[in-house]
Amino acid sequence: MGGPVADVRLAGIGMTSARTRDRLVQRLREQGIRNPAVLDRIRNVPRHIFVDEALASRAYEDTALPIGYGQTISQPYIVARMTEALLEGGPLFNVLEVGTGCGYQTAVLAPLVDKLYSIERIEPLLKRAKDRIRELGTKNVRFRHGDGYRGWPTHAPYDGILVAAAPLRVPETLLEQLKVGGRLIVPVGPEGAQELVRFTRREQKIERQGLGPVAFVPLLEGVT
Ligand code: SAH
């Protein structure tokens, strides 16, 4: 759409301004996020456009916030941590994201990869995410309404797969859709006992590295 009204909405004012975002970046740096490209993305993505207007003033707090349908926008620290973990280990050409949600993680990740494929099982959330990604002018993302447990075989294998909801066990299908050297970042486990894990596919085996405790909504089967 463009024009002055859209520009002000994207730039933000007061609690949604660039200065507020800089403070968030400073906090993430203090918490150990080091990758400058990731910190740059957090500085540049207007998180306030991904939440309801009533919550916009809280968009740069480092917390998860509701986005409807019982789902939440991920905490900025977690988005930064997952993105950093995905980038470690080589360039990302072809990447799959499972659990688009409101599209914030999508917006952070897209310019850091060549092609991004993003799947969401709740159709209205997906539609809104698409609109926002379009509003930001991001062009290298393709969306799909579907069940991320199955991955997206058409575009496999992937250099990276990022999952934004927690399965009880790591889905084999997703491991199978990784290239050799590819990384799968996924929270695994039941509510209250989840761990963020990076799986790396090698020629003969899958490497597993724990990245610490996390709290995600569950990865659910089927679509709505
Ligand atoms: N990354 C998002 C947060 C998403 S919350 C953000 O930045 O805001 C997790 C999302 O995963 C929810 O929208 C939920 O509907 C979705 N989800 C859960 N199970 C899924 C599945 N099997 N396939 C695709 N999406 C799924």
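Bear in mind that the values in this text are calculations on the coordinates, not laboratory data. These figures come from a predicted structure and were not determined experimentally. As a convention, Cβ positions derive from the backbone with ideal geometry for all residues, glycine included, and neighbour counts pool all protein chains shown.
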Given unit charges at Cβ for Lys, Arg (+) and Asp, Glu (-), the dipole magnitude of the chain about its Cα centre in debye, nearest 20, is 380 debye
For Lys179, the aspartates and glutamates lying under 18 Å Cα to Cα, once residues fewer than eight places off in the same chain are dropped, come out as Glu88, Glu97, Asp114, Asp159, Glu203, Glu207
Place a point 7 Å from the Cα of Ser17 in the direction of its beta carbon; the residues of region 36-62 whose amide N falls under 18 Å from it are 43-49, 56-61
What helix-only [θ] at 222 nm does the chain give? Using -39500 (n - 2.57) per DSSP H run of at least 4, over all residues, to the nearest 500, the answer is -8500 deg cm²/dmol
If unit charges are put on Cβ atoms (+1 for Lys and Arg, -1 for Asp and Glu) and the dipole of region 63-214 is taken about its Cα centre, the option from Phe199, Gly146, Ala164 lying farthest towards the positive end turns out to be Gly146
Note to self: C-alpha centroids of region 132-193 and region 15-66 sit apart, in Å, by 23 Å
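How would you order 174-180, 6-12 from highest to lowest mean count of nearby Cβ atoms within 10 Å? Write out the running numbers ahead of the final one.
On the way: 174-180: 17.1, 6-12: 13.7.
Result, highest mean Cβ count within 10 Å first: 174-180, 6-12.
Restricting to the chain, what percent of DSSP beta bridges are antiparallel, rounded to 5? Display every interim value, and only then the final one.
Numbers: 16 of 35 bridges.
Antiparallel: roughly 45 percent of the beta bridges in the chain.
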Non-local residues with an amide H under 5 Å from the amide H of Leu178, with H modelled 1.01 Å from N and Pro and chain starts lacking one, are Tyr158
